[in-house]
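Structure record follows, encoded as C-alpha cells.
The values are calculated or read from the model by the stated rules, or taken from the named source; none is laboratory data. Since this is a predicted model, take the numbers as computed values, not measurements. Neighbour counts run over all protein chains shown; Cβ positions are idealised from the backbone, glycine included. What goes into the accessible areas is simple: the full protein's heavy atoms, side chains included, and nothing from ligands, DNA or RNA. Shrake-Rupley method; radii C 1.70, N 1.55, O 1.52, S 1.80 Å.
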Amino acid sequence: MPNPKHLLQATLFLSLLLQALCKSTIEPCSNSDSCNALLGYTLYTDLKVSEVASLFQIDPIALLTANAIDISYPDVEHHILPSKLFLKIPISCSCVDGIRKSVATNYKTRPSDTLSSIADSVYGGLVSSDQLREANSIPDPSVLDVGQNLVVPLPCTCFNGSDNSLPAIYLSYVVRPVDSLAAIAARYFTTLTDLMNVNAMGSTAINDGDILAVPIPACASNFPKSASDFGLLVPNGSYAITAGHCVQCSCGPKNLNLYCMPASLAVSCSSMQCRGSNLMLGNVTVQQTSGGCNVTSCDYDGIVNGTIATTLSPSLQPRCPGPQEFPPLVAPPTTVAKDTVFGPAPAPLFDGAGPMSPISSVVPSTGLPGFSPANGPISGISSGASAACSLAKPLPTLTYALVLLLVKFMIPVAL
C-alpha cells in the first residue's frame, strides 16, 4: 500500500507545481480610487464590434479608438471583427478587497457554457474557472443555469499611472506558447529589466497562460478632481473618446502630450470655445518674436458638471510648433494575417522616423530604470484573487514526466 506520508508529499508537490505553471501580477491597494487600464484580448470567434464591447460592458466607440480603428466608416459598430484578432480593451481598474481588479463585467450564460469554456475561450484566459466560481459563490461548477448572470473579475493594475516616473497605462497580457519575455518587451517599447521589475520576476521564464502587467507609455491629463473623466490616460499611438462622444483625445506619435479636439461624432455638446477668446477646443495660434514663439492653445480641461471645461494656455517656446500630428488610423479589420496569429502581440502605434498624417476625416489636421513602480506588485500564483490562469489547463509534457518520476520514486506500490 502507498505510504500516507509519501502521498501527502506528492500532493503538496503537485499543488506547488500546478501553481507555478500559472501566475499573474497582483497589485495591492487600500483606497477607493480607480484608473484607466487595458486588457489584451484575442477574439475566440468572429464578433461584431458591438458584441466585443458588450462582452466587457464598454462603449463600442471607446473600443475602436483605443485600437486606433477608424470610426468614420458607416455602421462601424456592427462591423464583424475576425477570429484571432488581438485587441486592447479599455477598462476601469478598481480597488476591490485590497487588490486591483475590474468587477464591472457581467456575463449571461448560454446553453453550452461551462465555467472553463467561459474563462478559457470566451474571455481568452483573462479569468479562471476557479475565480468565476468564487466570485459568484457557485457550489457546483458542473451545474449552470441558462441565463445566469455571472460577475467576471478581470485582472488589471494601476501603479499610480506611471512607470519609472513617466506616465504609463498598464496592459494585462495573457502569455501564449510562442511568447518570450524579450519579444514582449521589445514589441511594447520597454526593456526586459523594466518588464521583470514591474512583474517582480526573478527570471525571464514565462508560461502559457501567465498574465503580465505591461507598461505602455501614455499621455496624461491634468483635469481637476471634479471632472468626471479625471485621471484620463491615453496610450501612445491611440485615441480616447470622452465627454459623451463630444471630445476626442490622442497621444503621439512624436511626443506624449495629450491633444484633445471636438470629436466627429459630436451632436449635442456644450460650448467648446475658450472663454475670452475666439479659439475653439484644439485651436492653436503662434506668433514668432525676437525672443521666441508665442503659442496660445485652447485646451480641454475635463467634463465638469456635465459641461465641457476649456482652458486658454499661453506659453513662450524656443521655436514655433509645426502642424499637429496624429497617430495613424486603420480601417476596421476584416482578416488576420497568418504570420500574426502566433506572433508577438500588437504594440502601440509609433514611428519616430517622420511625420504622420491621418487617413481619415475623423482626425483633421490642425494649425530611472530598474525600479519597480510605487506600491510594487506581488508576483502571485493563481489564487482566485487577481491571477487568471486556469488550473484546468492541460499540463505540459515536461510536467507529465515529472509526475511519472514522482509516482515511481515517492509512491511505491505493492505488487
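As a summary of the residue check, LYS88 satisfies the conditions (1) at pLDDT 95 or above; (2) open to solvent by 60 Å² or more (accessible area, probe 1.4 Å); (3) among the basic types (Lys, Arg) except for the one numbered (2). Test ALA200 against the stated conditions and say whether it is surrounded by fewer than 19 Cβ atoms within 10 Å (Cβ to Cβ), out of contact with any helix residue (DSSP H, G or I) (no Cβ under 9 Å at 6 or more places or on another chain) and under 28 Å from SER34 (Cα atoms). So ALA200 fits the description; yes. Counted as qualifying within the stretch 83-200 are no strands (runs of 3 or more DSSP E), as none has 3 or more residues that are among the acidic types (Asp, Glu) and at positive phi. Reported count of residues in the stretch 63-82, each being part of a strand (DSSP E or B) and over 18 Å from the mean Cα position of the chain (by Cα), is 2. Taking the stretch 48-74 as the range and being open to solvent by 10 Å² or more (accessible area, probe 1.4 Å) and charged (D, E, K, R) as the test, the residues that pass are LYS48, GLU51, ASP59. If the condition is being part of a strand (DSSP E or B) and either of a type in the set (A, V, I, L, M, F, W, C) or in contact with a strand residue (DSSP E or B) (Cβ under 6 Å, 6 or more places away or on another chain) (or both), then the stretch 223-251 contributes LEU233, VAL234, PRO235, TYR239, ALA240, ILE241, VAL247, GLN248, CYS249, SER250. Looking for something surrounded by fewer than 20 Cβ atoms within 10 Å (Cβ to Cβ) and either outside the structural domain of ASN67 (by the TED database) or modelled with pLDDT under 95 (or both) - is there at least one such residue anywhere in the stretch 236-243? No, there is no match, as no residue in the stretch 236-243 is surrounded by fewer than 20 Cβ atoms within 10 Å (Cβ to Cβ) and either outside the structural domain of ASN67 (by the TED database) or modelled with pLDDT under 95 (or both). For the residues ASN278, ASN257, the requirement of being under 17 Å from SER221 (Cα atoms), open to solvent by 50 Å² or more (accessible area, probe 1.4 Å) and part of a loop (DSSP other than H, G, I, E, B) singles out ASN257.
So which residues in the stretch 98-141 are among the basic types (Lys, Arg) and buried (at least 17 other Cβ atoms within 10 Å of the Cβ)?
If we filter the stretch 98-141 for residues that are among the basic types (Lys, Arg), which is where we start, we get 100-101, 108, 110, 133.
Those that are among the basic types (Lys, Arg) and buried (at least 17 other Cβ atoms within 10 Å of the Cβ): ARG100, LYS101, ARG133.
Look at SER221 and say whether it is over 17 Å from the mean Cα position of the chain (by Cα), over 25 Å from VAL96 (Cα atoms) and either open to solvent by less than 40 Å² (accessible area, probe 1.4 Å) or of a type outside the set (Phe, Trp, Tyr) (or both). Quick ask: steps written out before the conclusion?
Working: over 17 Å from the mean Cα position of the chain (by Cα): yes; over 25 Å from VAL96 (Cα atoms): no; either open to solvent by less than 40 Å² (accessible area, probe 1.4 Å) or of a type outside the set (Phe, Trp, Tyr) (or both): yes.
Judged against the criteria, SER221 is not a match.
Counting only residues that are among the charged types (D, E, K, R) and either touching a Lys or Arg at 6+ places or on another chain (Cβ under 8 Å) or in a loop (DSSP other than H, G, I, E, B) (or both), the stretch 20-62 holds 4 of them.
Taken as a whole, the condition of being surrounded by 22 or more Cβ atoms within 10 Å (Cβ to Cβ), among the acidic types (Asp, Glu) and touching a Pro at 6+ places or on another chain (Cβ under 9 Å) does not apply to GLU77.
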